[in-house]
Each structure stands twice: as C-alpha cells, then as structure tokens.
1. What is the distance in Å between the Cα centres of region 15-81 and region 84-161?
2. Mind checking which lysines have their Cα closer than 24 Å to the Cα of Lys87? Skip sequence neighbours fewer than 8 apart in that chain.
3. Could you tell me which helices of the chain pass both thresholds, a Cα extent of 27 Å or more along their own axis and a mean Kyte-Doolittle hydropathy of at least -0.5, with helices taken as whole DSSP H runs?
4. Which Cα, out of Thr35, Val100, Gly15, lies furthest along the positive dipole direction of the chain (beta carbon charges, K/R +1, D/E -1)?
5. Suppose every K and R has +1 on its Cβ and every D and E has -1 on its Cβ; what is the size of the dipole of region 58-161 about the Cα centre, in Debye to the nearest 20?
6. Taking the chain as a Gaussian network, Cα atoms linked when under 10 Å apart, which of Ser97, Ser124, Ser77 shows the biggest mean-square fluctuation?
7. Just need the relative contact order of the chain here, percent rounded to a whole number, with Cα pairs under 8 Å and 6+ apart.
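We did not get these values from a lab; they are worked out from the coordinates using the rules stated. Since we're looking at a predicted model, the values are computed, not measured. Here the Cβ positions follow ideal geometry from the backbone for every residue, glycine too, while neighbour counts run over all protein chains shown.
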Amino acid sequence: MIELLGGGIFGSLLGGLFRLAPEVLKWLDKKNERTHELQMFTQQCQLETLRGNQKLAEIGAQHGAAVDAGVMDAFNSAIEQQTEMVKVAGGWAASLSASVRPVATYWILVLWSFAHIWFALTVSAPPADVFKLIMTPDFSALVSGTLNYWFLDRTLSKRGL
C-alpha cells in the first residue's frame, strides 16, 4: 500500500514539476525581455537627448549667423547714410566730414608712437617691456579697431558688402 501511495505521490509531484517548468521558463523569459526593453528605452532616450541638443546647437548657429548678417547690414546702411549726408552737404562741409576718420586715425597712431618712444626713453626698459606696458587691453582695442576699420572697409567695399 505504501508503494501505491508513494508512487502516486511521486507521480503527482513529478507531474506538477513538469507542469510548473514551462511557467517558470516563461517568467524568466519575460523578465529578460523587460530588462532588454528597459535598456532599449534608455538608449532611445539618450539618442533623443543628443538629437535635441544638436537641434538646439543648430538653431543657435542659425541665430548667430542671422545676427552677424544683421550687423553687417546695419554697418553698410550706416556707411551709405553717411555717404549720402556728405553728398548733400557738399563743399567744405563734405571735405571736413571726409577728413574726420583719417585725421583721427593719424592722431591715434601718432599718440601710440609717441607714447611708445616716450616710455622707452623715460623708463629705460627694453622695447618689448615698454610695448607690454603701453598695450593695455583698452588701448590695444582702440588701435586694432581703428586700423581694422580702414583695411576691412576696403576689403568689404571690394566685395560689395
């Protein structure tokens, strides 16, 4: 009798295990599938973040180009307006107006040269040290801006800008 009972119980347990085995395998498979989907979703979110950042950088570059184009248009418009005002004034007023920029440029260059020579003589330091003393950021910007204006004005005029 124990053999029948033992065989029936053992058979039931063995049958139950074989019945549960596919369910356990399905559960493990779904767990791995969910982990894979989570990883794919995370990578997709990172990709969308990169795309968004790239789009923002592109919009920023387009904005910068538009601002630069606007600045150049304003620069050209100011030069054209000044030219028209000089033409309308005529005579000595036109000559005086046309001489302002060259006179200011020569004055800045003479001032720069005089200051350099004066410092070199009074400080009695090497010319490189004197140059570093004179060329403060503000004065450097003044000299560079003045000289660049003349060279850029010709370059832009040749290009029709």
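1. Going from one Cα centre to the other spans 51 Å.
2. Those lysines meeting the cut-off are Lys158.
3. Values: long enough: 2-89 (128 Å, -0.08); 91-123 (47 Å, 1.16); 137-159 (31 Å, -0.20).
Span-like helices in the chain: 2-89, 91-123, 137-159.
4. Val100
5. 360 debye
6. Between Ser97, Ser124, Ser77, it is Ser124 that shows the largest mean-square fluctuation.
7. Details: 20 pairs, mean separation 23.9, N = 161.
That works out to 15 percent.
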